[in-house]
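Have a look at the structure below, then the notes.
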Amino acid sequence: MTEDFEKRTREVLEESAGRLDGRTRSRLTQARHAALAQLAQPARHWWRAYVPAGAAAAVAVLAVVIWSGGPMGTSPGPAANPVEDLELLADSEAQDFVDDGEDLEFYEWAAGETES
Amino acid sequence: MTTSRALDQFLSSVEKRAFKIAQLGLRNDDDALDAVQDSMMKLVQSYASRGVDEWRPLFYRILANRIRDMQRRRTVRGRIMAWLPMRVDDEEESDPVAEAPSHDPGPAKRLELDEAIGALETAVAELPPRQQEAFLLRNLEGLDVSETARAMGCSEGSVKTHYFRALASLRTSLGEVF
């Protein structure tokens, strides 16, 4: 009983699949040929997929370097330069000058005299 | 035999049934053709070097995933379109030659088959997706339980359950026709 039903449904589905119209059969053939055409193309290495992204990143880095260091770039003040800040913090002589404090009033007076 | 020729023979042997499976799952000929073409492309692109015996379950696994993906997208699109005003499409011009059936078994037999095909396809299209997959892969494509399990990405026990339920449901709805 079950086998008869399965057999009958299989026959009907096979008949339906065999009745595909000309346009559908033609498009299936085209799809198959398009898929097989991939075999004729040279193998694509995985790393090639990253080449365009890598090139774009390199160009972007180069552009940033040129822009920030070139003559057209805005020049930040000395306090804004992180390299100079680092040098100042690492300069033990300057640190001693601030920490000492003994002659601070003298230096303030000297600076005032120079400005006037 | 070269890989290209073996693949050509394989794809040629499954394309019509694959289309039928996709058509019943998606209920749209163009979507079904897209699903079959995508599956062919993927099989050739990624699995051409595999053994010939592996192609069938792999191909149907790809196709089943593609159909499910398209069904999900359609559900999302349907939700979005429900908010938009209805649009009336222009009727497509039909090509009577292209749409002509491939063969004619005679008027009486043809009418009987037409009714059987219509009833069966309607009933199959209304099955839950997993039951539909199991039924079509086992019944139409003729995959065994093990191959069907690989194609569906589930256990053999699940395949048997889905298939049994599909048969029971179809027998209930098609009792008078079959």
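The values are calculated or read from the model by the stated rules, or taken from the named source; none is laboratory data. As the structure is a computational prediction, the values presented were derived from the model and not from experiment. For neighbour counting, all protein chains shown are included, and Cβ atoms are generated from backbone atoms with ideal geometry for every residue, glycine included. Ligands, DNA and RNA are excluded from the accessible area calculation, which covers all protein heavy atoms including side chains. Shrake-Rupley method; radii C 1.70, N 1.55, O 1.52, S 1.80 Å.
Might you check whether a residue that is at negative phi, open to solvent by less than 70 Å² (accessible area, probe 1.4 Å), within 12 Å of chain A (Cβ to nearest Cβ) and in a helix (DSSP H, G or I) occurs anywhere in the stretch B:68-76? Looking for residues that are at negative phi, open to solvent by less than 70 Å² (accessible area, probe 1.4 Å), within 12 Å of chain A (Cβ to nearest Cβ) and in a helix (DSSP H, G or I), one finds none in the stretch B:68-76, hence no.
A Cβ distance below 9 Å, combined with a sequence gap of six or more or placement on separate chains, defines the contacts here; from the stretch A:1-29, residues that are facing chain B (nearest Cβ under 7 Å) and closer than 19 Å to B:Gln132 by Cβ reach residues that are open to solvent by less than 50 Å² (accessible area, probe 1.4 Å) and among the aromatic types (Phe, Trp, Tyr) in the pairs A:Thr9/B:Phe135; A:Ala17/B:Phe19.
Among the conditions (1) in contact with a Cys (Cβ under 9 Å, 6 or more places away or on another chain); (2) surrounded by fewer than 20 Cβ atoms within 10 Å (Cβ to Cβ), the only one that B:Lys160 does not satisfy is (1).
Looking for something at pLDDT 85 or above, open to solvent by less than 100 Å² (accessible area, probe 1.4 Å) and either touching a strand residue (DSSP E or B) at 6+ places or on another chain (Cβ under 6 Å) or among the aromatic types (Phe, Trp, Tyr) (or both) - is there at least one such residue anywhere in the stretch A:2-25?
Going through the stretch A:2-25, the residues at pLDDT 85 or above turn out to be A:4-25.
Cutting the leftovers down to open to solvent by less than 100 Å² (accessible area, probe 1.4 Å) gives us A:5-6, A:8-22, A:24-25.
Still in the running and either touching a strand residue (DSSP E or B) at 6+ places or on another chain (Cβ under 6 Å) or among the aromatic types (Phe, Trp, Tyr) (or both): A:5.
The answer is yes; a qualifying residue exists.
Consider the stretch B:15-37. How many of its residues are in a helix (DSSP H, G or I) and open to solvent by 60 Å² or more (accessible area, probe 1.4 Å)?
Residues of the stretch B:15-37 in a helix (DSSP H, G or I): B:15-26, B:29-37.
Keeping just the survivors that are open to solvent by 60 Å² or more (accessible area, probe 1.4 Å) gives B:16, B:29-30, B:34, B:37.
Matching residues across the stretch B:15-37 total 5.
In the stretch B:38-51, which residue that is outside any helix (DSSP H, G or I) and of a type in the set (Gly, Ala, Ser) is most open to solvent (accessible area, probe 1.4 Å)? Ranking the candidates gives B:Ser49 first.
Counting only helices (runs of 4 or more DSSP H) that sit completely within the stretch B:101-156, those holding 2 or more residues that are within 12 Å of chain A (Cβ to nearest Cβ), at pLDDT below 95 and closer than 19 Å to A:Glu3 by Cα correspond to B:107-125.
Contact map, the stretch B:102-131: residues that are under 18 Å from B:Gln23 (Cβ atoms) paired with residues that are of a type in the set (Asp, Glu) and modelled with pLDDT under 95, Cβ distance under 6 Å, separation 6+ or inter-chain. Pairs shown: B:Leu113/A:Glu15.
Of the residues B:Ser12, B:Ser46, which single one is free of Cβ contacts under 8 Å to residues at least 24 places away in the same chain and under 20 Å from B:Met152 (Cα atoms)?
On the way: B:Ser12 fails: under 20 Å from B:Met152 (Cα atoms).
Being free of Cβ contacts under 8 Å to residues at least 24 places away in the same chain and under 20 Å from B:Met152 (Cα atoms) holds for just one of B:Ser12, B:Ser46, which is B:Ser46.
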